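Down below is the structure, laid out as structure tokens.
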Amino acid sequence: MRTVPNVRSKLFRNAVVAGAVTAVAAATVAVLSAPAAQAATTLAGAAQESGRYYGTAVAAGRLSDSTYVGILNREFDMVTAENEMKLDATEPNQNQFTFTNADRIVNHAIGQGKRVRGHTLAWHSQQPGWMQRMEGSALRQAMLNHITRVATYYRGKIYAWDVVNEAFEDGSSGARRNSNLQRTGNDWIEAAFRAARSADPGAKLCYNDYNTDNWSHAKTQAVYRMVQDFKSRGVPIDCVGFQAHFNSGNPVPSNYHTTLQNFANLGVDVQITELDIEGSGTTQADQYRGVTQACLAVTRCTGITVWGIRDTDSWRASGTPLLFDGSGNKKPAYHAVLAALGGTTTTGPTTPPVTTTTPPTGSCTATYSEGQKWSDRFNGNVTVSGTNNWVVTVTLSSPQRIIATWNTSPTWDSTGLVMTARPNGNGNSFGFTVQHGGNWSWPRLSCRVG
């Protein structure tokens with residue numbers, strides 16, 4: 001994708017302008033219980049538990065921003081250069097290559113023990129002026145020379161290259177994009193992949209595109225047929241990248257998992273390469289959760305990259321499409337992703353039980369323990385100490401729902417996510433069954449004297 005202004009404005013003219021996410025400060029002190037031992041508390045750590053990565057796009061100019069770098073170093077284990085590896089950045093004049101800014105990103109990533117996705121070697125957009133003016137065999141040779149020089153320079157440092165980017169038209173035609181590269185001959189994509197393999201045999205080679213998320217779309221089918229053809233003829237392609245730019249007018253399709261699985265069935269890895277979802281709150285969180293669950297359901301979905309760190313870093317900043325707000329705070333979408341990956345959110349039960357006093361009426365402690373689990377639901381048990389006159393608030397994470405309770409008289413808020421439990425004469429312990437909807441995270445507890 002490109003990050004210059006107004007790119008693909010037609011595709012995203014229905015974008016949501018996100019509202020503020022309201023934080024409710026509890027009047028009483030929450031009593032938190034311990035999660036499963038060794039549960040990951042970062043995106044990268046949680047993704048690694050399933051053998052996947054969780055990455056982000058990085059801009060060299062923001063590496064002097066301590067908040068930005070702090071989040072990058074803590075949360076992500078795969079790095080993609082936002083613009084610094086593209087054609088105009090690396091070969092501004094023909095046969096004069098510059099890697100200064102790209103090296104800043106690569107060296108920072110490697111120094112932090114992270115891997116790097118190379119983006120991108122051949123693209124109709126963001127070409128330097130000299131290349132834009134070329135056609136035919138001269139352009140073909142220039143393209144192959146660029147691929148060879150850049151991939152050779154970074155040989156051994158790149159996990160995967162987006163060898164070719166966005167080579168197909170939108171719409172119902174399923175045709176190749178009529179670019180200057182396409183006009184060098186219909187075999188130009190194959191030639192690009194073969195050159196990349198020769199230059200860096202150890203890197204995975206990917207085709208990357210947008211609007212290929214819906215299995216029924218003509219563009220998706222056209223890319224599928226190309227990959228199928230390449231695999232049948234031994235053209236070196238290892239992976240397909242799905243950019244995954246979503247908003248209210250272009251939400252995550254219901255057949256997204258089908259798309260990823262069908263490509264994986266061709267014998268290639270699938271990667272979500274430029275994820276951002278415009279919106280806010282629960283709606284945005286649910287969309288992010290759905291993408292994460294789709295990747296986890298496909299064995300060959302090897303990782304997810306979000307296109308930026310904070311909303312203010314995004315090329316679609318007005319749509320607040322990322323996991324951190326402009327101040328670097330974790331958004332509901334972050335917690336949804338971490339929970340879907342199997343991690344433990346720091347706003348949830350991440351510390352051992354503590355007892356606190358709520359003056360002037362006394363104190364209580366609510367301790368959570370796991371009960372029986374099934375494929376679609378699980379039991380939770382709560383034990384209260386300190387008083388017989390307790391009120392425990394149990395807060396779920398969407399799409400969870402409590403479908404049964406025992407030993408308590410409960411009420412719910414309008415969302416169905418917050419249950420208030422009180423004694424019903426059966427002692428100081430109670431329990432409930434949660435229909436998890438794919439979200440296995442523990443409920444959050446707070447206790448006060450009633």
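The values are calculated or read from the model by the stated rules, or taken from the named source; none is laboratory data. Not measured: the values here are computed from a predicted model. Glycine gets a Cβ as well: all are built from the backbone with ideal geometry, and neighbour counts include every protein chain shown. What goes into the accessible areas is simple: the full protein's heavy atoms, side chains included, and nothing from ligands, DNA or RNA. Shrake-Rupley method; radii C 1.70, N 1.55, O 1.52, S 1.80 Å.
Some values worked out for this structure:
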{"read-out": "Subset of segment 260-318 that is charged (D, E, K, R) and in a helix (DSSP H, G or I) - its residue that is most open to solvent (accessible area, probe 1.4 Å)", "value": "Asp286"}
{"read-out": "Answer residue from segment 50-76, given it is among the small types (Gly, Ala, Ser) and under 17 Å from the mean Cα position of the chain (by Cα) and is surrounded by the fewest Cβ atoms within 10 Å (Cβ to Cβ) among those", "value": "Gly51"}
{"read-out": "Strands (runs of 3 or more DSSP E) lying entirely in segment 371-446 (those with 1 or more residues that are open to solvent by less than 60 Å² (accessible area, probe 1.4 Å) and in contact (Cβ under 8 Å) with a residue 24 or more places away in the chain)", "value": "377-385, 390-395, 401-406, 418-422, 429-435"}
{"read-out": "Pairs with Cβ under 9 Å, 6+ apart, first in segment 240-252 and under 23 Å from Ile189 (Cα atoms), second small (Gly, Ala, Ser) and buried (at least 21 other Cβ atoms within 10 Å of the Cβ)", "value": "Gly241/Ala160"}
{"read-out": "Where a residue in segment 59-85 is assigned to a helix (DSSP H, G or I) and its partner, wherever it lies, is open to solvent by 40 Å² or more (accessible area, probe 1.4 Å), with Cβ under 6 Å and at least six apart", "value": "Ala60/Asn101; Ala60/Arg104; Tyr68/Arg62; Asn73/Gln112"}
{"read-out": "Matching residues in segment 319-334 - criterion: being in contact (Cβ under 8 Å) with a residue 60 or more places away in the chain, open to solvent by less than 40 Å² (accessible area, probe 1.4 Å) and not in a loop (DSSP other than H, G, I, E, B)", "value": "Gly319, Phe324, Tyr334"}
{"read-out": "Within segment 164-176, tally of residues that are within 22 Å of Gly118 (Cα to Cα) and either among the acidic types (Asp, Glu) or in contact with a Phe, Trp or Tyr (Cβ under 9 Å, 6 or more places away or on another chain) (or both)", "value": "4"}
{"read-out": "Qualifying positions in segment 224-259 - part of a strand (DSSP E or B) and open to solvent by less than 30 Å² (accessible area, probe 1.4 Å)", "value": "Cys239, Val240, Gly241, Phe242, His245, Phe246, Asn247"}
